[in-house]
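Peer 1: Have a look at the structure that comes next, please.
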Number of protein chains: 2
Amino acid sequence: MAEKGKTKARLLQAACELFAEKGFRDTTVADICDAAEANIASVNYYFGDKERLYDEVWRHAFAITVSTYPIDGGVEEDSDVETCLFGYARAVLSRIFSEGEAGLFPRLLNQEMAAPTLALDKIASEALLPQSRQVEDVIKKQFGDRCDDHLLRLCKLSIIGQCAFYNFSRPLRERVMGIKNVLPEEIDRMARHIASFSLGGLKQIQKQTENRN
Amino acid sequence: MAEKGKTKARLLQAACELFAEKGFRDTTVADICDAAEANIASVNYYFGDKERLYDEVWRHAFAITVSTYPIDGGVEEDSDVETCLFGYARAVLSRIFSEGEAGLFPRLLNQEMAAPTLALDKIASEALLPQSRQVEDVIKKQFGDRCDDHLLRLCKLSIIGQCAFYNFSRPLRERVMGIKNVLPEEIDRMARHIASFSLGGLKQIQKQTENRN
DNA sequence: TTCAGAATCAAACGCGCATTTGAAATAGGA
DNA sequence: TCCTATTTCAAATGCGCGTTTGATTCTGAA
């Protein structure tokens, strides 16, 4: 047996890192076994095949990210709108910029967006839809329950988009944007910006609809 | 010779569609040749190898998208801030939702974000940086030239993020967001929303910095 | 100590891929 | 018509991949 830890756990850990970095198709079983210092046959021995290992990786990544950075961002549910937006943005950005296991989820998601596998449907309904609903609720708090569905969706996507862009534009961070290491204070700063920018946006939209009536 | 058109042109067209859909690595030379009704050896005969065909595809996609939907979105350069934002958003969204050749560029970009190739550096400096600068200029028009660099960057990313999210979240459009066919009027509507949401955001940020001084 | 089940291992299998090859077909000017 | 350069073609080459195999080693309870 190799250095430390059970082989199965080492395989899972190596697979997490590699799948997140290169995606399902571009990661080879041999890569995973090398990184885990395990024999080439061990993936099949412990997980059946590459695909079931991938499922296991998703399960692990999802569990870690929601427990490490819950989507409410640690703010009270009955806080004011800007604070709720801040909590959401901070949670999402913390996940995105996490260099530990909590960062696996957004990185895997990024891969799925370019080359979806069967795993995506499950992720969409179990993880993404609830987050989307959460943002909806905050917007309703600002607009009141009487609120055009179309408008609600556009605002929701504006808010989510600001956060999610940091995930999907990963390779551009150093190339185009001037982003290197991101410290926790920096994340807070970004989240505060997104919260107040979005609040300003929501108010502007609200003003327009009131003028129209 | 097959039905119509020169073989080389058919290969390029087929390669565009397939690379945009599945990315460089997941597209096989055999797929391309089949789609172009050409022999398996024709890619190497006309382009040298798969990689040089990919370069050619990028060149083609870039040329088409900027000439079909120039990044100013067809608004005068000295228009007011909201109109400039509208122009930018409309251009970007038009490209993203285009089902024709103009849509190749964002789709290829999406693939590069998940699995970068050597092509990305060129694209970043030739296509993306200039667009980023353009948004910067609009923000400066709102804020005046005296404007914190940090703040400028955050606002820029907020604006770009709202637009680009529609590109990167492609597989979620039907799954999570309720988006199906997108008509030109709908694109205008979305662009108008992003413009006024962003203007509201900019004003909010501006108000905060003024209060701080 | 014995021994059955678990774990590891190197080698091999089968397949799909990009690319090469050398011949055949085609086209167009002399 | 003849001849040469271009284009097309089916087959082959060589490599990397996921998975399987059958043997070997390890482990822990009896």
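The values are calculated or read from the model by the stated rules, or taken from the named source; none is laboratory data. Model, not experiment: these values are computed from the prediction. For neighbour counting, all protein chains shown are included, and Cβ atoms are generated from backbone atoms with ideal geometry for every residue, glycine included. Ligands, DNA and RNA are excluded from the accessible area calculation, which covers all protein heavy atoms including side chains. Shrake-Rupley method; radii C 1.70, N 1.55, O 1.52, S 1.80 Å.
Peer 1: Need one number: buried accessible surface between chains B and A, 1.4 Å probe, both sides summed, DNA, RNA and ligands left out, in Å² to 100.
Peer 2: 4600 Å²
Peer 1: Could you state the number of Å between the C-alpha centres of segment B:128-154 and segment A:16-90?
Peer 2: Each part reduced to its Cα centre gives a spacing of 35 Å.
Peer 1: If the cut-off is 20 Å between C-alpha atoms, which lysines fall inside it for B:Lys6, apart from same-chain ones fewer than 8 positions away?
Peer 2: The reachable lysines, counting only those whose Cα sits under 20 Å from B:Lys6, are B:Lys50.
Peer 1: What FRET efficiency comes out for B:Glu51 versus A:Lys140 if R0 is 45 angstrom and r is the Cβ-Cβ distance? Round to the nearest 0.05.
Peer 2: 0.35
Peer 1: First compute the accessible area of the protein assembly as shown with a 1.4 Å probe, then give the percent of it belonging to carbon and sulfur atoms.
Peer 2: Within the protein assembly as shown, the accessible surface is 49 percent carbon and sulfur.
Peer 1: Over chain A, what is the relative contact order in percent, taking alpha-carbon pairs closer than 8 angstrom and at least six residues apart? It would help to have the intermediate numbers written out before the result.
Peer 2: Working: 184 pairs, mean separation 44.1, N = 213.
Normalised by residue count, the contact order of chain A is 21 percent.
Peer 1: While we're on this one: About the Cα centre of the protein assembly as shown, how large is the charge dipole given +1 on each Lys and Arg Cβ and -1 on each Asp and Glu Cβ? Please answer in debye to the nearest 20.
Peer 2: Here the size comes out at about 180 debye.
Peer 1: Please work out the FRET efficiency for the pair A:Ser79 and B:Ala9, using the Cβ-Cβ distance as r and a Förster radius of 60 Å; give the result to the nearest 0.05.
Peer 2: 0.50
Peer 1: Just to confirm my numbers, what's the Cα centroid distance between segment A:162-187 and segment B:167-213 in Å?
Peer 2: A separation of 19 Å, based on Cα centres.
Peer 1: With angles folded into 0 to 90 degrees, how steeply does helix A:149-168 sit against the dominant principal axis of chain A? Use alpha carbons for both and round to 10.
Peer 2: 40 degrees
Peer 1: Here's something else I'd like to know. Please go through the residue pairs A:Lys141/A:Lys207; A:Lys141/B:Lys203; A:Lys8/B:Lys22; A:Lys141/B:Lys180; A:Lys203/B:Lys140 and name each one whose alpha carbons sit more than 24 Å apart in this structure. Walk me through the numbers before you get to the answer.
Peer 2: Numbers: A:Lys141/A:Lys207 15 Å; A:Lys141/B:Lys203 21 Å; A:Lys8/B:Lys22 32 Å; A:Lys141/B:Lys180 28 Å; A:Lys203/B:Lys140 22 Å.
In this structure, A:Lys8/B:Lys22; A:Lys141/B:Lys180 lie more than 24 Å apart at Cα.
Peer 1: With each pseudo-label sitting 7 Å past Cα toward Cβ, what's the A:Lys122-B:Asp121 distance in nm, one decimal?
Peer 2: 3.9 nm
Peer 1: Hey, another quick one. Could you tell me how many degrees, from 0 to 90 and to the nearest 10, lie between the Cα long axis of helix A:50-68 and the main elongation axis, the longest principal axis, of the Cα atoms of chain A?
Peer 2: That works out to roughly 40 degrees.
Peer 1: Now, a different point. Could you work out the mean count of beta carbons from other protein chains within 10 Å of each residue's beta carbon in A:128-134?
Peer 2: Across the residues of A:128-134, the mean count of other-chain Cβ atoms within 10 Å is 2.
Peer 1: Taking only DSSP H segments of four or more residues, each worth -39500 (n - 2.57), what value at 222 nm results for chain A once the sum is divided by all its residues, to the nearest 500 deg cm²/dmol?
Peer 2: -23000 deg cm²/dmol
Peer 1: Could you give the length gained by full extension between B:Glu37 and B:Arg25, i.e. 0.36 nm per residue of separation minus their alpha carbon distance, to one decimal place?
Peer 2: Gain in length upon complete extension: 2.2 nm.
Peer 1: Calculate, in whole percent, how much of the Cα-Cα pair population of the protein assembly as shown lies beyond 42 Å.
Peer 2: 17 percent
Peer 1: For the Cα atoms of chain A, what angle does the longest principal axis make with the long axis of helix A:7-26, in degrees from 0 to 90, nearest 10?
Peer 2: It works out to around 60 degrees.
Peer 1: Another question, if that's okay. Provide the per residue accessible area, probe 1.4 Å, for the protein assembly as shown, rounded to a whole number of square angstrom.
Peer 2: I get 48 Å² per residue for this part.
Peer 1: List the residues of segment B:167-211 whose accessible area drops by at least 50 Å² when all protein chains are present, compared with their chain alone, using a 1.4 Å probe and counting only protein heavy atoms.
Peer 2: B:Phe168, B:Pro171, B:Leu172, B:Arg175, B:Val176, B:Arg189, B:His193, B:Ser196, B:Phe197, B:Gln204
Peer 1: Hey, another quick one. With every protein chain present, what accessible area does B:Val66 have (1.4 Å probe, heavy atoms only), rounded to the nearest 10 Å²?
Peer 2: 60 Å²
Peer 1: In addition: Along the Cα-to-C-beta direction of B:Ala63, a point sits 7 Å from the Cα; which residues of segment B:109-130 have their amide N less than 11 Å from that point?
Peer 2: Output list for this probe position: empty.
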